[in-house]
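Down below is the structure, laid out as structure tokens.
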Amino acid sequence: MLYNQGINPYLHLPKELVESHTIEMEDFQGLLYDRMGDLNASNYSTYPPVAQLIYTLSYAIGQSSLILNIIVLRLFNIAAEIGIVWFGLKILSHLKLPKSQILFFILNPLVILESTFNLHFEVVMLFFLALSLYYLYTSKVYLSALGLAGAVASKMLPLMFLPLVLPYFNKKLKVLNRDQILNYLKYIALLMLGLIISYSFFWNPEILSKSSKTLSLYFTSFEFNASIYYVLREIGYWWTGYNQIEIIGISLTIVTLLSILFLSFRHRRIDFQTLMTYMLFAATAYYLLSTTVHPWYLMLPLFLSIFTTYKYMLVWSWLVFLSYSAYNGYGVEENYLLIAIEYVVVIGIIVFDFRKRNKTNYLEV
């Protein structure tokens, strides 16, 4: 709505715009502002440019009609899901995995509820990621880089997979050989070019400083449906008497980064199947160590899991619904017993899945 009115959505707090009467509060605008809550109204937008452009288009079409805005957004999500199926089936065929595994994602209740119904933007990001992975496998590296740029410009999380691509470019088995580094740098350059083009629609020097203020909250303030963090938080309370989220959140982020770098340099060269597996491991580590895990976040590792033989994400995608118990109609109050059940079972299934896989590999040898 702001962009259609000539206002850069990255540069202004909704609260400031309303209090300064910069925008006219008609019925529709008033509804949006009242329902967004004080937390959203008091922070800068972090939605990347592809999301902003699609939201801009939906408002350009729907204007003050809430139902028409919803229809347009839902059509985008459904189109993205069709694209995911299209590229997903191609990838499964190349990997010689059952094509029916795409159903574990597209017919998963989590995806149906959080994407088609609640209109979370993960499926648009996953469409670009699926496109990127398919073209990476078929050696169309430039298209793959632009596809990854589209994914990052939809949701920033796929950026964590960039280090994992480095060993995939190694074709000579020599550590960090010239061709590998050059191809990797070209990949990064095209990725950056795609991001620059996408941000050019909204660019302003203040974007980085203002968006970073809100992004930092995900690691230093926000808490929801966490696992390891909640355990460490209780230890912090016992030790110091207050919440150590800033220290713990940043520390867990560093551990996640180190885990991804370990996977990136574990082997000199990896094949596409291993790349998919490592991407799944990276996303899993990220969310197990995160301070905030909303249910729709799990669509990313769930999607990656269909290209592997690991099944633990299916179980997690079902158990994550226990986190809905926090929404009791009077606010958000988490039931820590249910969260404990969720993660004890999930971690148990992960351990079982890994042991079963290792046993299978041993028997095959």
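Only the coordinates and a few stated rules stand behind these numbers; no lab work does. Bear in mind that the values here come from a model prediction, so they are computed numbers and not experimental data. Don't worry about glycine lacking a Cβ; one is built from the backbone with ideal geometry, like all the others, and counts go over all protein chains shown.
Table for the structure above
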read-out	value
HN-Hα J in Hz across the stretch 160-177 - Karplus 6.51, -1.76, 1.60, θ = phi - 60°, x for Gly and Pro	5, 7, 4, x, 5, 6, 3, x, 5, 7, 7, 10, 10, 6, 7, 4, 6, 6
Binned Cα-Cα distance frequencies in the stretch 185-254 - 5 Å width, integer %	3, 13, 17, 15, 11, 12, 11, 9, 6, 2
Point-to-point label distance, L185-R266, nm (Cα→Cβ direction, 7 Å offset)	2.9 nm
Average silhouette area of the stretch 172-305, convex hull of alpha-carbon atoms, in square nanometres	10.8 nm²
Point-to-point label distance, D27-L159, nm (Cα→Cβ direction, 7 Å offset)	4.1 nm
Residue-count net charge about I91 - beta-carbon cut-off 14 Å; Lys, Arg +1, Asp, Glu -1	+3
Positive minus negative residues near I349 (Lys, Arg vs Asp, Glu; Cβ under 13 Å)	+2
Ellipticity estimate at 222 nm from DSSP helix runs (n ≥ 4, -39,500 (n - 2.57)) divided over the chain, nearest 500	-20000 deg cm²/dmol
Whole-angstrom Cα spans of the chain along principal axes, big to small	69, 50, 38
Cβ-defined net charge surrounding Y137, 12 Å radius [Lys, Arg +1; Asp, Glu -1]	+1
Anisotropy class of the stretch 1-106 from Cα gyration tensor, a/c 1.5 cut	prolate
Other-chain or far-sequence residues with amide H under 5 Å of F224's (modelled H)	T292, V293
